[in-house]
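Colleague: Structure below; questions to follow.
The values are calculated or read from the model by the stated rules, or taken from the named source; none is laboratory data. Remember, predicted model here, so these are calculated numbers, not experimental data. For neighbour counting, all protein chains shown are included, and Cβ atoms are generated from backbone atoms with ideal geometry for every residue, glycine included.
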Amino acid sequence: MAGTETADLYIGFTAPLLPFSYLAVLTLIALPIAAFLGFRLGTITYRRRQDADAPSEQVSGATSLGAMLALLGLLLGFAFSSALGWRGDRQAALVQEAAAISTAFLSANLVDDPARTNLQSRILAYAQTRIASSDDIRTEDAWNAFLKRTFEAQSRIWPATMQAIGGATSDPIRAAVVRSVTDMLDAHTFRLAAAEEQIPPPVKLTIFLASFAAIFFVGNQSALQGRRLTWHVFAFAGLLSVVMIMIFDLDRALEGTIRVNPDTMLATIREMEAALPVPSD
C-alpha cells in the first residue's frame, strides 16, 4: 500500500472556514446585532408611515415571520440530529478501532520471536498515528499529512504479519493472527468514514443566514408594531446562538467543548507500550 497515494483518495474532508472559537464569538455577536438592525430599520419605516397609530393587527409580516421561524426550527432540528448522530458514530468508531488494535496486538503473542516483537512493534507504531489533534484538521494539507503518516505505518503491518505466520506456524494460529490484523485494518476504514461525515459548509452557511434573517425580522416586527426592543428578543437571540454553537461544536470532533474522547485509544497504546520488551542497549 502506497501511503501517500492512498491518502490523496480521501477527499471528503472539508477544512473549517474559521476556528471554532472565532465561529462561536461571531455567532454570539451577529444575532443580537441582527435584532438591533431589524429594529432600527423597522423604526424608520414606522415613523414614515402615515397610519402609525393603526392597530398592531394591521401590520403585515406576522405570517411570514411565523413561517420563517418554523423553517428555522426545522433546519436546526435536522442539523442537530445529524451532528449528534455523527458524533456518536465517531466515538463508537474510535472505541471499535482501539479494541481491534488491542486484539491484533494480543494475537501476535501466538507467534514466536523475533517475528512476534516485530509485528507488535509495528502495530504499536501504527496505533500511535491514530491519535489526531486539532492541528491535524486545521487545513486540508494537515489532514492529508496525518493520513499519510497513518497509511505509511499501516503499510508496514501486513509484511510483518506474513513474516510472522510463515514457517511451521499452525493453520489455526495463522487464521487467528490474520483475522485480527484484517479486523484492525477494517476498523481503520470505518473510522475514516465516520470522521468525514460532517455538515457541509453550504448547509452551515444556510443555517447561519436563516438565523440572522429570522432574528432580523423579529426585531423589525417589534418596531413595526410600535413596540420597544425588549430583553426578550435578545434572550431569544442568545438562546438561538447557543443552539447553533452546539451544532457546530458537535460537528467538530477535535475542537470546541464536545470532543471525541480518545481515552480508549490512549489506554490501548499505554498497555501495548508496557507489554513490549524494553530494548537492551
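Colleague: In the range 37-96, what residues are assigned to a helix (DSSP H, G or I), of a type in the set (Ser, Thr, Tyr) and either at pLDDT below 80 or over 36 Å from the mean Cα position of the chain (by Cα) (or both)? Walk me through how you get there before you give the answer.
Modeller: Filtering the range 37-96 for residues assigned to a helix (DSSP H, G or I) gives 37-48, 56-58, 62-96.
Right, trim to of a type in the set (Ser, Thr, Tyr) and you get 43, 45-46, 56, 63-64, 81-82.
Selection gives 43, 45, 46, 56, 63, 64.
Colleague: Mind counting the residues in the range 251-268 that are farther than 19 Å from residue 192 by Cβ and either of a type in the set (Phe, Trp, Tyr) or touching a helix residue (DSSP H, G or I) at 6+ places or on another chain (Cβ under 7 Å) (or both)?
Modeller: 3
Colleague: Still on this structure, please answer the following. Could you grab the pairs with beta carbons closer than 8 Å, sequence gap of 6+ or different chains, first residue in the range 88-108 and more than 14 Å from residue 183 (Cα to Cα), second one assigned to a helix (DSSP H, G or I)?
Modeller: 89/194; 90/191; 90/194; 90/195; 92/194
Colleague: For the range 236-265, what are the residues that are over 15 Å from residue 24 (Cβ atoms), in a helix (DSSP H, G or I) and polar (S, T, N, Q)? Explain how you work it out, then say what you get.
Modeller: Residues of the range 236-265 over 15 Å from residue 24 (Cβ atoms): 236, 253-254, 260-265.
Still in the list and also in a helix (DSSP H, G or I): 236, 263-265.
The answer is 264, and nothing else.
Colleague: Also, quick follow-up: Looking at residue 229, is it under 18 Å from residue 63 (Cβ atoms), surrounded by 15 or more Cβ atoms within 10 Å (Cβ to Cβ) and of a type in the set (A, V, I, L, M)?
Modeller: Judged against the criteria, residue 229 is not a match.
Colleague: Those residues that are touching a helix residue (DSSP H, G or I) at 6+ places or on another chain (Cβ under 7 Å), in a helix (DSSP H, G or I) and hydroxyl-bearing (Ser, Thr, Tyr), I need them from the range 112-147; list them, please.
Modeller: The answer is 126, and nothing else.
Colleague: In addition: From the list 94, 119, 124, pick out the single residue that is within 30 Å of residue 244 (Cα to Cα) and either in contact with a Pro (Cβ under 9 Å, 6 or more places away or on another chain) or aliphatic (A, V, I, L, M) (or both).
Modeller: Matching residue, one of 94, 119, 124: 94.
Colleague: Moving on to the next point. Tally time: how many residues in the range 198-235 are free of Cβ contacts under 8 Å to residues at least 24 places away in the same chain and either part of a helix (DSSP H, G or I) or small (Gly, Ala, Ser) (or both)?
Modeller: So the answer is 6.
Colleague: Testing residue 174 on (1) touching a helix residue (DSSP H, G or I) at 6+ places or on another chain (Cβ under 8 Å); (2) assigned to a helix (DSSP H, G or I); (3) of a type in the set (Lys, Arg), one condition comes back false. Which one is that?
Modeller: That leaves (1) as the condition not met.
Colleague: Among the residues in the range 148-156, are any in a helix (DSSP H, G or I) and within 13 Å of residue 181 (Cα to Cα)?
Modeller: For the range 148-156, residues in a helix (DSSP H, G or I) and within 13 Å of residue 181 (Cα to Cα): present.
Colleague: May I pose another question? Out of the residues in the range 110-146 that are among the hydroxyl-bearing types (Ser, Thr, Tyr) and surrounded by fewer than 20 Cβ atoms within 10 Å (Cβ to Cβ), which is farthest from residue 197 (Cα to Cα)?
Modeller: The selected residue is 117.
Colleague: Can you name the residue in the range 159-175 that is closer than 12 Å to residue 110 by Cα and of a type in the set (Gly, Ala, Ser) and, of all such residues, is surrounded by the most Cβ atoms within 10 Å (Cβ to Cβ)?
Modeller: Among them, the one singled out is 164.
Colleague: Let me ask something additional. Would you check if there is a residue in the range 228-240 being under 23 Å from the mean Cα position of the chain (by Cα) and modelled with pLDDT of 85 or more?
Modeller: Yes, there is a match, as at least one residue in the range 228-240 is under 23 Å from the mean Cα position of the chain (by Cα) and modelled with pLDDT of 85 or more.
Colleague: Right, another one. From the list 268, 189, exactly one residue is in a helix (DSSP H, G or I), crowded, with 20+ Cβ neighbours inside 10 Å and on the phi < 0 side of the Ramachandran plot. Which is it?
Modeller: 268
Colleague: Every residue in the range 243-265 that is exposed (fewer than 13 other Cβ atoms within 10 Å of the Cβ) and within 30 Å of residue 70 (Cβ to Cβ), please.
Modeller: 257
Colleague: All but one of (1) closer than 19 Å to residue 93 by Cα; (2) crowded, with 16+ Cβ neighbours inside 10 Å; (3) at pLDDT 85 or above; (4) of a type in the set (D, E, K, R) hold for residue 204, so report the exception by its number.
Modeller: (1)
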